[in-house]
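Have a look at the structure below, then the notes.
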Amino acid sequence: MAKLRAWLAPERPGDDLIQDPGERRLVWIELVIVFAVTLGLSGLYSLLSLVDALLQPVALADQTVAINVPQAKAGLIDLAKQLLGVIRLVAWGALGTYLLYRSGMRLAAVGLDRTRIGKDAAAGVGLAALIGVPGLGLYLLGHALGINLAVAPSTLDDTWWRPIALTLLAAGNAWAEEMLVVGYLISRLRHLGFRENASLVTAAIVRGSYHLYQGFGGFIGNVIMGLVFGRVWQRTNRLWPLVLAHTLLDFVAFVGYSLLRGKVNWLP
């Protein structure tokens, strides 16, 4: 029972709280700027996309939204643009890492060291299994209930580079999201004095916000994923398992969908 209480209501570390009012103000400004140019802006775009979908005369379940789409008609130019998208995602995650490092935090403090490669890998695979199957079930349920759009993880043409691009995009998404909404955001909220549960819920809602374009089911599913991933990080202080788990989930979704599209009848 004591261990369960510790997971549900962990104590917030007190040695990283910023006391100086000027420094606290700068952290708030930093948070606004970072998320205004990264996932926070994506959340606002996603919200508008959902509102637009709700205003359509067609029900949500009868609409389709694609995640990875062609960026150009010429194949090699399309590949180049997809790779630029990967670079942007890597840069977003690197920005959060850099700002934490500049604030005085070591990379090991957020679990980005390489001292537990084997354990981190095993934990990542376990997390992917824990989230993956229920997540697919929740998506199918949301679509059946009419609160979710049909999500097409990829509409890229069948080219030799499609699996490579989708794999890199999966890894880029995972790195950007887990670094920004877990490692960076929760760390910064700790610096501002947020309790662990408050920072966890805040990060989970941010994660859900930029998935609103998928519908209400996408929002709920990603909030749940955020609560699980965020709590695991708070308790273990290891970010690599989250990055690996997220990469595996997106890889299965992106590449698996591209292989199964049109061949099975149970995918919306």
Original post:
For the stretch 114-125, which residues satisfy the criterion of being surrounded by 13 or more Cβ atoms within 10 Å (Cβ to Cβ), assigned to a helix (DSSP H, G or I) and not aliphatic (A, V, I, L, M)?
Top reply: 119, 120, 124
Subject >> Count of the stretch 143-161 residues which are over 20 Å from the mean Cα position of the chain (by Cα) and in a loop (DSSP other than H, G, I, E, B) >> reply: 9
**OP:** Given the conditions (1) out of contact with any strand residue (DSSP E or B) (no Cβ under 6 Å at 6 or more places or on another chain); (2) under 21 Å from residue 173 (Cβ atoms); (3) surrounded by 12 or more Cβ atoms within 10 Å (Cβ to Cβ), report the number of the one that residue 103 does not fulfil.
**Re:** (2)
Original post:
Which ones in the stretch 132-142 are surrounded by fewer than 21 Cβ atoms within 10 Å (Cβ to Cβ) and either outside any helix (DSSP H, G or I) or touching a residue at least 60 places away in the same chain (Cβ under 8 Å) (or both)?
Top reply: 132, 135, 138, 140, 141
Original post:
Consider residue 225 against the criteria (1) more than 30 Å from residue 78 (Cα to Cα); (2) of a type in the set (A, V, I, L, M, F, W, C); (3) crowded, with 21+ Cβ neighbours inside 10 Å; (4) over 17 Å from the mean Cα position of the chain (by Cα): it satisfies all of them except one. Which criterion is unmet?
Top reply: (4)
Subject >> Set 165, 174: member being closer than 20 Å to residue 223 by Cβ, crowded, with 21+ Cβ neighbours inside 10 Å and either of a type in the set (Ser, Thr, Tyr) or touching a helix residue (DSSP H, G or I) at 6+ places or on another chain (Cβ under 8 Å) (or both) >> reply: 174
Original post:
Listed residues 41, 26, 31, 76; which is closer than 19 Å to residue 203 by Cα and without any contact (Cβ under 8 Å) to a residue 40 or more places away in the chain?
Top reply: 41
**OP:** Considering every residue within the stretch 67-82, establish whether at least one is in contact with a strand residue (DSSP E or B) (Cβ under 6 Å, 6 or more places away or on another chain) and under 24 Å from residue 50 (Cα atoms).
**Re:** yes
Original post:
Residues in the stretch 182-199: is at least one in contact (Cβ under 8 Å) with a residue 12 or more places away in the chain, within 19 Å of residue 123 (Cα to Cα), aliphatic (A, V, I, L, M) and surrounded by 21 or more Cβ atoms within 10 Å (Cβ to Cβ)?
Top reply: yes
Original post:
Within the stretch 137-178, which residues are touching a Lys or Arg at 6+ places or on another chain (Cβ under 8 Å) and closer than 16 Å to residue 66 by Cα?
Top reply: 152, 154, 156
Subject >> Matching residues, the stretch 143-160, being surrounded by 16 or more Cβ atoms within 10 Å (Cβ to Cβ) and of a type outside the set (S, T, N, Q) >> reply: 143, 147, 149, 150, 151, 152, 153, 156
Subject >> Extreme residue, farthest from residue 178 (Cα to Cα), among residues of the stretch 28-52 that are touching a Leu at 6+ places or on another chain (Cβ under 6 Å) and not hydroxyl-bearing (Ser, Thr, Tyr) >> reply: 50
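Please go through the stretch 123-162 and give me each residue that is closer than 24 Å to residue 77 by Cα, among the small types (Gly, Ala, Ser) and out of contact with any helix residue (DSSP H, G or I) (no Cβ under 6 Å at 6 or more places or on another chain), ordered by number.
Passing the criteria: only 152.
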Original post:
Being touching an Asp or Glu at 6+ places or on another chain (Cβ under 9 Å), in a helix (DSSP H, G or I) and over 17 Å from residue 175 (Cα atoms), is that true of even one residue in the stretch 238-256?
Top reply: no
Original post:
Which number in (1) touching a Lys or Arg at 6+ places or on another chain (Cβ under 9 Å); (2) closer than 23 Å to residue 110 by Cα marks the one condition that residue 247 misses?
Top reply: (1)
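Rule-based calculations on the coordinates, nothing more; no lab input. As the structure is a computational prediction, the values presented were derived from the model and not from experiment. Quick reminder, even Gly has a Cβ in these numbers, built from the backbone with ideal geometry, and neighbours come from all protein chains shown.
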